[in-house]
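All remarks here apply to the structure that follows.
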Amino acid sequence: MASFKDLSSLKHLRATLKVQEDARQKAEIERITLEKKQQEEANLFALSVGKVTPITTSDKVISAPARPQPIPIQHIADEKAALRESLSDEFTFETLMDTDENLSFIRPGIGSDVLSKLRRGHWVIQSQLDLHGLRRDDARDRIGEFLRQARKNGHRCVRIIHGKGHGSIGKEPVLKHKVRIWLAQKDEVLAFCQARAADGGAGALVVLLKSSTPSNS
C-alpha cells in the first residue's frame, strides 16, 4: 500500500515539474520573441533616420533668464525730496526776475521781445501738464519731472494748466501762485506768461524753455 502511495506521489511530482518546465520554456520563448521584435523595430528606426551622431554635452550652455532691473525706490525718493527742497515756497519774484502786473516772467538777460512773442503764440505748444486735482507737493514734483522730460524731448514751448482755483477752499487759486514761484526757480525756464484765451487763459501758463542744443538761443 505504501509503494502505491509513493508511486502516486512520484507521478504527481513529475506532472508538476513538467508544468513548471513548460511554463519556463513558454516564458523564455516570449522573452526571445519580444527581444527580437524590439531589435527589429530598432533596426527599422535606424534605417529610417540614417546615421546619428550623439550630441556632446560638454559645450552645452544653459542661459539663465534675465533678471528685471531693480527699481531704485530710495533714489527716486531722494530725488523728489531734493526737488522739493530746491523749489522753495518762500521765493519772491522781485529777487531774481523781471515781472509785470500780470506776473509774467522773463529771465534777466533775455530780450523783452521774447516775452512779447510768447504772449502772441509765436512758439507752438509742444506738450502740456494738467495739475487739476493734485495737492501742492504732488504738483511740485510733477512740474519738475515734466520740465526734465520736455528738455529731454527737445521741447521749447510747453503749457502748464494750474486751474483758476474755483474748486479750492475759499476759491483761492493756490496753485496758480505757487506754479509761478516754482517755475521762476528753474534755470531751464526763460520766460512764462498767462496763456491766451484759446489756450486756457487765466487757468494756464505758457512756458518757454532753454534749447537743449547749445547752438540755439
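Bear in mind that the values in this text are calculations on the coordinates, not laboratory data. Keep in mind that what you see is a predicted model, and the values were worked out from it rather than measured. Don't worry about glycine lacking a Cβ; one is built from the backbone with ideal geometry, like all the others, and counts go over all protein chains shown.
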Inset, instruction - Calculate, in nm to one decimal, what LEU7 and ILE29 gain on full extension: separation in residues at 0.36 nm each, minus their alpha carbon distance. - result: 4.6 nm
Inset, instruction - Between GLN69 and VAL124, take the C-beta separation as r, use R0 = 35 Å, and let me know the FRET efficiency to the nearest 0.05. - result: 0.45
Legend entry - Nitroxide proxy distance, nm - points 7 Å out along Cα→Cβ at ALA202 and SER48: 8.7
Legend entry - Karplus-derived 3J(HN,Hα), 6.51/-1.76/1.60, for each residue of the stretch 145-162, Hz, glycine and proline x: 5, 4, 5, 4, 5, 5, 4, 4, 7, x, 7, 9, 10, 9, 10, 10, 9, 9
